[in-house]
Amino acid sequence: MSSIILDWNTPLTWLAPLVALGATFTGFISLLAPRTAIKLYGLRAGEEGLRFVPIFGARNLAIGLACLALLVYGWRQPLGFLFLALGVPGVVDSWITYREGARKACTVHVVGTLVLLAYGGWLIA
């Protein structure tokens, strides 16, 4: 297997499009239906807080589209570095949900972040 190009015969490779589509989906939901998105994040917010949800939507949409672009070219290592960089918003999202008392959502964010970091490490190896 080349260390630069994705090997689609490896089952673990198929996790990448799922991550990309998940980020794209949450991006669209956050932009189009902020009330639904805030529930998916495991948070609650008043009207003022809901105004910030599209910002997270734009972030997630950009992340998803960047992942999809790298997948089109099959670039394994750049995708891995992007997933490693996604540890930053993952930690921030985890901290926000923890601070807001959404322990279940925090756990989901922590586990998701750890999976992204491990997967990113696998992709660049």
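The values are calculated or read from the model by the stated rules, or taken from the named source; none is laboratory data. Worth saying up front: this structure is predicted, and the values here are computed from it rather than measured. For neighbour counting, all protein chains shown are included, and Cβ atoms are generated from backbone atoms with ideal geometry for every residue, glycine included. Note: areas computed on protein heavy atoms with side chains; ligands, DNA, RNA excluded. Shrake-Rupley method; radii C 1.70, N 1.55, O 1.52, S 1.80 Å.
Data table
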| quantity | calculated |
| --- | --- |
| Å² of accessible area per residue within region 52-115, as computed with a 1.4 Å probe and no ligands counted | 54 |
| Lys/Arg +1, Asp/Glu -1 at C-beta; the chain dipole; positive extreme among V92, A102, L70 | A102 |
| Residues V91 and A125, FRET efficiency given R0 of 22 Å [Cβ-Cβ distance, rounded to 0.05] | 0.50 |
| Distant-in-sequence amide H partners of W75 (H built 1.01 Å from N, under 5 Å) | L6 |
| Integer Hz, Karplus 6.51/-1.76/1.60 couplings in order for region 51-63, x for Gly and Pro | 5, 8, 4, x, 5, 5, x, 5, 4, 5, 5, 4, 4 |
| Karplus (6.51, -1.76, 1.60) ³J(HN,Hα), θ = phi - 60°, over region 7-23, in Hz, Gly and Pro reported as x | 9, 6, 7, 8, x, 5, 4, 6, 6, 4, x, 5, 5, 4, 5, x, 5 |
| Relative contact order, percent, the chain [alpha-carbon distance under 8 Å, six or more residues apart] | 28 |
| Fully extended contour minus Cα-Cα distance, from V115 to R44, at 0.36 nm per residue | 23.0 nm |
| Segment A62-K104, extension gain: residue separation times 0.36 nm, minus the distance between their alpha carbons | 12.5 nm |
| Apportionment of accessible area to carbon and sulfur, the chain, percent (1.4 Å) | 74 |
| Value at 222 nm in deg cm²/dmol, rounded to 500, when DSSP H runs of n ≥ 4 in the chain each add -39,500 (n - 2.57) | -24500 deg cm²/dmol |
